[in-house]
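The values are calculated or read from the model by the stated rules, or taken from the named source; none is laboratory data. Source: prediction; values computed, not measured. Using ideal geometry, Cβ is built from the backbone for each residue, glycine included, and neighbour counts are taken over all protein chains shown. Please note that ligands, DNA and RNA were not included when accessible areas were found on the heavy atoms of the full protein model with its side chains. Shrake-Rupley method; radii C 1.70, N 1.55, O 1.52, S 1.80 Å.
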Amino acid sequence: MTIRLTFMCAPSGDATLDPLLGDAPLSERSLRMARAARAALPPHGPTVRAPSIRCSQTADALGLKAASEPALRDLDLGKWRGRTVDDVAATEPDGFNAWLTDPDAAPHEGESVRRLCRRTADWLSSVEPDTGHAVAITEAAIVRAALIHALGVPARAFWHLTVPPLSAISLTWRGCYWDVRLGYVTPQEAQRRALLRSETLVRPESDQSASPHLGGEKRSSSFRETIFASCG
């Protein structure tokens, strides 16, 4: 039997110049975007969601009755939860840099990127073969981890995968491998705004060790340059 999982990335909380790390309620604008995407959802069967406030609100806005799935919970940020990105980068620059470059690092005393990837891979392996087409409303971090597993790329590529709010990424199991299809369910203008909002990952200027994008594009050394959709 074919398994098709469509991951929908929940919008982040209120977008500010100093985004908070961790869960947050959706802004009114994010709720409007989710409601606008409702009519464009493909036909599907069961629906699950991460057990976060924003994923619960996203599912409701989409008109979905989604069961909470603990395995799809966001990356555990430990003692950094509730702090701002700029605060962590300024007060713990070495730990912050390690977190962005070493998938085994957990300077926040929470969960490492590699452990998140393993947890997500275990969940994908547990999906029943007769599931059919399911929808999962999840955090951007979970979508990145699912892509790491499906594409068979190293965990260090985690932060180089762009996952805009309300993007729809489908994984189809072909018996021995996953096919990946990238797409959106949001209106075109909302897509453009979501992309602009998601491109705010803080990186210290001294960090010159990060690997390039998967497409081979070289990164600049500017302070704000890459993607941080999961902790907005």
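The table that follows gives values for the structure above.
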item	result
Extension gain, T172 back to L31 (0.36 nm per residue minus Cα-Cα distance, nm)	47.9 nm
Accessible area of segment 33-171 divided out per residue, in Å², using a probe of 1.4 angstrom	40
Candidates per trypsin sites (Lys or Arg not before Pro) in segment 53-100, loop by DSSP, up to 11 other Cβ within 10 Å	K65
